[in-house]
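Q: Have a look at this one before I ask anything.
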Amino acid sequence: MTHHSPAPPILFSFQDADHLVDALAQFIIHHRPLGGSLPKMLRGLIGNSHVKWTQWQVFYVDERVVPLDHPDSNHLACTASLFSKVPIPTENIHTIDPNFLNDLEELADSYEKLLIHEFAQKDAARFPVFDLILLGMGPDGHTGSLFPGHELLQEEDRWVAYVENSPKPPPKRITFTLPVINHAARVAFFATGKEKIDTLSTVLDQPEDGLPSSKVRPAWPGHLYWFVDDATAAKVTYPRTPFKL
């Protein structure tokens, strides 16, 4: 059996956030996703007739352990800025079970069972294989709810894990683990903002530093894409690729 190493990241850099948003929308339409969500960056999908919303199945890479109508809820943010404005069937959006907000282990297990149910027919032997996972990156290099130096970066078995001590509020969250993210067919990061200039350079130019975002390297034959703007990529020496589908 041939061992393939992960493909190197593909870096797309755009002159500004609007161009990034348009390109990300084209990319998503081209690679119909089953994955997490970044509401503000997905505004390019609203009103786009090419999106086959009935074919989408949406899961959250991470979610805060709060009621679904709480201001900290990722689901609420995604619903407000995207899902309420497009014809996606509500049953295709998979939220955490609010009955388990007081039991983190049960909450993570129940979300993992949703994934198992969705992927049971898809020959996912060890880990689910998402068509597309969308990720953001924090100024500290965290992604999902996988934070620098956290023990969950070593998790090799669970699909969904919980965090009780997030360095960012709220402290309790659930998150996909790195093996789930790294089994996706495609992973697309987006990063904008001057507070991420140094971090982006570290992640792409010095991945051996081991920041959580550096550890996202989809297993072969998966691909990793970065959507950034030129200002955020100002210090990056990693080669850019012209954007085309």
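The values are calculated or read from the model by the stated rules, or taken from the named source; none is laboratory data. These numbers come from a predicted model, not from an experiment. Positions of Cβ are generated from backbone atoms using ideal geometry, with glycine treated the same way; all protein chains shown enter the neighbour counts. When the accessible area is computed, the model is the full protein with side chains, heavy atoms only, and any ligands, DNA or RNA have been set aside. Shrake-Rupley method; radii C 1.70, N 1.55, O 1.52, S 1.80 Å.
Q: Given Ile174, Ile197, which one is modelled with pLDDT of 95 or more and within 21 Å of Phe12 (Cβ to Cβ)?
A: Numbers: Ile174 fails: within 21 Å of Phe12 (Cβ to Cβ).
Testing whether each residue is modelled with pLDDT of 95 or more and within 21 Å of Phe12 (Cβ to Cβ) leaves just Ile197.
Q: May I ask you to verify whether Leu114 is of a type in the set (A, V, I, L, M) and in contact with a Pro (Cβ under 7 Å, 6 or more places away or on another chain)?
A: no
Q: Now a separate question. Could you please find all residues in the stretch 204-225 being closer than 20 Å to Phe147 by Cβ, open to solvent by less than 10 Å² (accessible area, probe 1.4 Å) and in contact with a Leu (Cβ under 6 Å, 6 or more places away or on another chain)?
A: Pro212
Q: Give just the number: which of (1) open to solvent by less than 40 Å² (accessible area, probe 1.4 Å); (2) under 21 Å from the mean Cα position of the chain (by Cα); (3) of a type outside the set (Asp, Glu) does Leu245 not satisfy?
A: (1)
Q: Counting just the residues of the stretch 77-116 that are crowded, with 17+ Cβ neighbours inside 10 Å and among the polar types (S, T, N, Q), which one comes out modelled with the lowest pLDDT?
A: Ser81
Q: Now for a separate question. Could you give me the residue pairs with C-beta distances under 8 Å whose first residue belongs to the stretch 167-193 and is at positive phi, whose second residue is of a type outside the set (Val, Ile, Thr) and surrounded by fewer than 24 Cβ atoms within 10 Å (Cβ to Cβ) wherever it lies, and which are 6+ apart or on separate chains?
A: Taking only residues 6 or more apart or on different chains, the pairs are Gly193/Pro139.
Q: Oh, and also: Out of all the residues in the stretch 50-95, which are under 23 Å from Leu152 (Cα atoms), assigned to a helix (DSSP H, G or I) and either out of contact with any Pro (no Cβ under 9 Å at 6 or more places or on another chain) or of a type in the set (Phe, Trp, Tyr) (or both)?
A: His75
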